[in-house]
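Beneath this line is the structure, given in structure tokens, with notes to follow.
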Amino acid sequence: MAQTPKNIYPKAKLLAPLLLILAFLMQACGTGLLGSAQPTATLPYPTPAPTQTLPEATIEFHVQLPANTPLREPVYLNLLDEVTGLGLNVKRMEMQPEDDLNYTVSLRFPVGATIKYRYARQGTYLAEEHTANKRPVRYRLFHVEGPGVIHDVVSAWSDTAFDGPTGRIKGTATDSETGAPIPNLLIGAGGYQTFTASDGSFLIEGLPPGTQNLVAYAMDGSYRTFQQGAVIAPESTTPTPIQLVPAPLVNVVFTVIVPRDTMPAVPVRLAGNLYQLGNTFANLAGGVSELASRMPSLSPLPDGRYSLTLALPAGADVRYKYTLGDGFWNAEHSANGEFRVRRLIVPESPAVVEDSVDSWGGGARGPVLFDLRVPDETPTTDSVSIQFNPYGWTEPIPMWFLGENHWAYILYGPLEILDRFGYRYCRDDQCGSADDSATPGNDSFGRVLEPKEGPQTVKEQVKSWIWLDPNLPPASITTTEVRDRGDGFFAGVELKDAFHPSWIPRLPVTLKEIQSMGANWVVLASTWTYTQISPPVLEPVAGSDALWSDSADATQRAHAFGLNVALHPTPQFPGDPAEWWASAPRDFPWWQNWFERYTQFALHFADLAQRQGAQALTLGGDWIAPALPGGRLIGDQPSGVPADAESRWRDLLEQVRAHYSGRLIWSMTFPDGVKDPPAFLDAVDQVYLIWNDVPLAEVNDAAEADLHATAAGFMDNEIKSFQANLNKPVIIAVAYPSADGGITGCIPDPLATTKGACLKLESLSRPNPDIPTVILDLEEQEQVYNALLVALNEREWIGGFVTRGFYPPAPLQDKSISVHGKPAEDVLWYWYPRLLGKLSP
């Protein structure tokens, strides 16, 4: 049968006119593709003068070192540049000893600046400061309001252990004008960082006794930075309610003159330290925090300048630079060759900023033109990225589209500091997952380039992409008369329960595809991370968890495509969840803390769902069994959950109802959850039944009819009675890998020491390395979806169907549970519109 067309987003003409661009490529890099181009005319205006002179103030830094610090080793205050990269443009200021464990240094900074810094000690190797729980200190914060004194306490070094008592700070941040709680603030103290929840609350555990500088920082600058000293006592909680003053927005126009060798019509971006300027506030690949794909682009003016107007918060300390790449690659340099980072304290009234770029980092070496052809089968919705490896992979940078599978990128710098480096190509910024087949995976060094004196041209062709088969046969869809369930049927796609900031720019394309598939729901598996086990600390971690702004943006975009949204809060664990539960103390105080943290987690997303108009909130999951009434660990051992767990869960659901007025869904596993369901299910509206690893056959090559018969038996013999007793709609949420043996419920783990151990489904997902012993089988996944949907179609009492683990940023025909780009996705393209009555049976 004919397949649903998938050219849902025609390739945008990103750069034009094409001939002008190619001509300039030749001029810049000495190639002869189209002959020579004329040099750019000299601009008819002088280099602009600095527009802002800032008063300065002296800040005294005093730091107390841990008692086990080796003596007589230099101690440094490291001033950090988050725009270039926290480890890439560090200014090291040696401190002077006051005694063996106390050091000081005085420095001058502009008034209004927010300093980002941390301490280091030079021994045989450079030792960076760590927190009491051995996490590296990302940075400390200090806001300069005038002359000041900072007193800090280092908990531990990277080469020493922490030994001593700790305390904690617990507080709430509110708007000074309205009293409303402020979510998504960055809170820093003692080298720790966390974020405020929806109610403005925050908690920082593990602080050493003494005075710690507490800073509340709005990542988008929407509130004035708040700071105060907080005295920490051993084994105690320091309550810290804080109020922040909102910052009004003012229009700031940035205009810039770029170097004469800048290729016309390419994106000139503004990289900065605020969220809206590409800063993710995360430790990304290669030590950077900025993503080029999230930075705003300037528009070319007729006179050759570039311009961008932004609404920025008055008083914000904006550190920024202009770039043709990110904060490190192709970013502007000063005339003496150093990284340039500019500063603007946003004024109280509209302003025009006039800048001039001296250089994009090029010296005698380079520039290097990467002239790339990609395969014809490259999806029209894809972008192509280039990734560089000077000392380890940094974040990918989008290339420039020239049309007809032709992409280019000019690398200007910094080439002077590199004798050789690796590079590779990938799709949609997903290097390590959607790679050129010649350089797949994160273990690859990539192709190798040695910069030379003068221009270089690298003409290359990607012969094929990993996990993208151009000869894939069309899906074999089991056609039958589909019963129209109407709009009330839950036809959903659940996105993968992980996150990377590079997913956000790609999201409109992904949501358009989900809409075109015929789905009417998208499930956002919103996450926080367990960063500590005792006491349990569950909090958002930038870079691996979507922050408030990211989740709000995803919800709004989904609504723009006419999709209903269900938020599915799901914790991330540092390892196997079963092992985490088994290693936890699980005594009464521990459980008390666990329920408090999970309640805050649930209410945070209840508030987010309410404010963003999400149509459903899904709690629970396949990880939560030890915390349910009568909870059990793996091996069927009692979890020690309190005897009043039932009332605790009912109270939690009641609190959620008070915060959220939409549909409340409980997520649970099949078949275990169905056999012993919690009594509190009468307090929810629907059940989201996770159908993972459910064996549909005993052998790998079972016929589709046998899979259908087994699935129908499960539905009739186990789920139907459960649904009838509950008298609430049941949604079946499915996850099967496209790997041989997935239908048996157990793909053997080749590395396990226990006989008969099964692979975790997550191990087959990107960016995890491929497991060669597992055989790719796209047809098996397709057959499972056919069988399950035919069985569902015969049972009108089933209220919905969801595909789980959809990898949002790129279609990959890998072995994972994601159906994105696979034949199983085509099955859904057939079924979803018909189940919803949008197409005739």
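What the table below lists for this structure:
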item: Lone unmet requirement of (1) surrounded by fewer than 16 Cβ atoms within 10 Å (Cβ to Cβ); (2) under 30 Å from A265 (Cα atoms) for L402; result: (1)
item: Meets criteria (under 30 Å from T53 (Cα atoms), buried (at least 20 other Cβ atoms within 10 Å of the Cβ) and of a type in the set (V, I, T)) for V368; result: no
item: Enumeration of residues in region 304-355 that are surrounded by fewer than 20 Cβ atoms within 10 Å (Cβ to Cβ), in a loop (DSSP other than H, G, I, E, B) and free of Cβ contacts under 8 Å to residues at least 60 places away in the same chain; result: S334, A335, N336, E338
item: Residue check for W360: crowded, with 20+ Cβ neighbours inside 10 Å, at pLDDT below 95 and among the aromatic types (F, W, Y); result: yes
item: Positions within region 373-413 being closer than 21 Å to K452 by Cβ and either assigned to a loop (DSSP other than H, G, I, E, B) or acidic (D, E) (or both), in sequence order; result: P390, Y391, Y412, G413
item: Residue, surrounded by the fewest Cβ atoms within 10 Å (Cβ to Cβ), within region 45-63, restricted to residues that are touching an Asp or Glu at 6+ places or on another chain (Cβ under 7 Å) and either modelled with pLDDT under 95 or assigned to a loop (DSSP other than H, G, I, E, B) (or both); result: T51
item: Residue check, G206 buried (at least 20 other Cβ atoms within 10 Å of the Cβ), modelled with pLDDT of 95 or more and within 28 Å of the chain's Cα centre (by Cα); result: no
item: Total residues in region 135-184, condition open to solvent by 60 Å² or more (accessible area, probe 1.4 Å) and touching a strand residue (DSSP E or B) at 6+ places or on another chain (Cβ under 7 Å); result: 7
item: Residue in region 461-482 that is open to solvent by 20 Å² or more (accessible area, probe 1.4 Å) and part of a strand (DSSP E or B) present; result: yes
item: Evaluation of G85 against (1) assigned to a strand (DSSP E or B); (2) within 24 Å of A282 (Cβ to Cβ); (3) not polar (S, T, N, Q) (one fails), failing number; result: (1)
item: Matching residues, region 99-131, being out of contact with any Asp or Glu (no Cβ under 8 Å at 6 or more places or on another chain), among the aliphatic types (A, V, I, L, M) and open to solvent by 20 Å² or more (accessible area, probe 1.4 Å); result: L101, L107, L126
item: From E377, E404, E416, residue being within 19 Å of H333 (Cα to Cα), over 27 Å from the mean Cα position of the chain (by Cα) and charged (D, E, K, R); result: E416
item: Residue that is loosely packed, with under 15 Cβ neighbours inside 10 Å, touching a helix residue (DSSP H, G or I) at 6+ places or on another chain (Cβ under 6 Å) and either at pLDDT below 95 or part of a loop (DSSP other than H, G, I, E, B) (or both), where the choices are P695, P737; result: P695
item: Per-region count, region 209-264, residues surrounded by fewer than 16 Cβ atoms within 10 Å (Cβ to Cβ) and not in a strand (DSSP E or B); result: 9
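The values are calculated or read from the model by the stated rules, or taken from the named source; none is laboratory data. Just so it is clear, the model here is predicted, and its values are computed rather than measured. Cβ sites come from the backbone with ideal geometry, for glycine too, and all protein chains shown count toward neighbours. Remember, those area values only see protein heavy atoms, side chains included, never the ligands or the DNA or RNA. Shrake-Rupley method; radii C 1.70, N 1.55, O 1.52, S 1.80 Å.
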